[in-house]
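Okay, structure first, notes after.
The values are calculated or read from the model by the stated rules, or taken from the named source; none is laboratory data. Model, not experiment: these values are computed from the prediction. Here the Cβ positions follow ideal geometry from the backbone for every residue, glycine too, while neighbour counts run over all protein chains shown. What goes into the accessible areas is simple: the full protein's heavy atoms, side chains included, and nothing from ligands, DNA or RNA. Shrake-Rupley method; radii C 1.70, N 1.55, O 1.52, S 1.80 Å.
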Amino acid sequence: MKQDIAKIHSFAQFWLREYQDVPPQQVCLENCFGEICFSLGFSMDCGHGIEEAFPGMSVLGNITAFKQIIGDITDVALLANAIFSQWRYITHWSMTDSLISANNKEWFCLAFARLAELTKDAPPLHVSIETITGDITTLDVDAIVNAANCGLLGGGGVDGEIHRAAGKELFEECLKLVEGLPKHRGDTGQAYLTKAGQLPCKYVIHTPGPVYCDGQHDEPKLLANCYENCLRRAEEMACTSIAFPCISTGVYGYPKKEAARIAIKTIQAFSPVSLQKVVFCCFEAGDAVIYKRILNEKKEVI
Ligand code: AR6
């Protein structure tokens with residue numbers, strides 16, 4: 001139960017972080033709720049949750065009434081169940097493209113903010129971190145990360161290896177992805193998810209890392225963004241495991257130790273919901289030594 005409360009807290013924060021500041025039409029309920037709701041083990045009996053938590057209020061419309069009662073709610077399970085049943089109600093019954101109206105979004109924001117507040121004393125969740133030496137294309141994890149370029153259609157290094165091993169399906173996925181992007185290319189520090197073609201993993205998350213210049217051109221922030229955005233994409237698909245290569249440390253020239261510190265710090269600061277395991281997949285044994293050393297230093301400090 002403690003673990004569930006911690007997950008709920010993490011999920012509420014995830015939702016607010018991801019959606020609080022975006023317009024309702026950009027809130028995609030489909031990609032992030034389903035599996036997570038199941039894994040949290042809540043009854044998905046649509047409609048009942050909300051009725052029990054807020055008698056007489058079976059629709060989301062009345063925000064004013066909801067604002068008045070939200071502060072009085074103290075039962076985490078009831079509130080969580082109400083939110084998740086409402087999600088199910090919307091995703092199952094909405095026949096329109098815009099799944100979530102401005103009112104619905106406001107309701108979710110209020111409900112998640114209250115849920116985050118009610119669960120704030122839950123112990124923080126952490127993912128387990130493993131360092132291995134190997135070829136990332138062979139790993140049987142939910143998602144692998146590709147150290148891509150902004151063109152997102154393949155290249156050299158790990159990018160080339162991933163495309164070779166995944167076959168033309170991955171290239172086609174990437175073409176579709178690029179066609180859907182506003183500038184027909186990606187941005188440094190962002191992360192883009194595709195299926196994985198012939199690879200044993202389910203998804204590839206493509207992230208263009210920063211080209212290292214002198215460390216004074218926002219490189220640390222951009223590299224941290226790569227790691228964080230990949231984790232977010234993986235969470236949206238309810239992945240439990242993800243493997244990273246040493247982003248930007250090959251052709252893009254990022255100093256290896258600095259890059260490893262940023263990678264580890266960003267992953268340790270992330271509150272996971274579905275993710276349980278992060279693998280640093282180093283191609284060179286020397287890189288794995290760097291990661292293991294930094295991880296051990298941290299343990300000693302604790
Ligand atoms: N598995 C795991 N890691 C690998 C593998 C592999 N099969 N192959 C290489 N690496 P790089 P970047 C490691 O140059 O610096 C590409 O052309 C490698 O040892 O692949 O982010 C893209 O298209 C190194 O530690 O990526 C971009 O244009 C790490 O992967 C550009 O290079 C990253 O090296 C991106 O440069």
Going through segment 183-205 in order, the residues found to be within 12 Å of Leu170 (Cβ to Cβ), open to solvent by 50 Å² or more (accessible area, probe 1.4 Å), in contact with a strand residue (DSSP E or B) (Cβ under 8 Å, 6 or more places away or on another chain) and among the polar types (S, T, N, Q) are none
Exactly one of Gln216, Gln276 is within 19 Å of Gln13 (Cα to Cα), away from the ligand (no atom under 16 Å from the Cβ) and open to solvent by 60 Å² or more (accessible area, probe 1.4 Å), and that residue is Gln276
Just one listed residue, out of Gly154, Gly160, is surrounded by fewer than 18 Cβ atoms within 10 Å (Cβ to Cβ), within 13 Å of the ligand (Cβ to nearest atom) and of a type outside the set (A, V, I, L, M), and it is Gly160
Taking segment 134-151 and the residues there that are in a strand (DSSP E or B) and near the ligand (Cβ under 9 Å from one of its atoms), the one that is farthest from Leu181 (Cα to Cα) would be Ile144
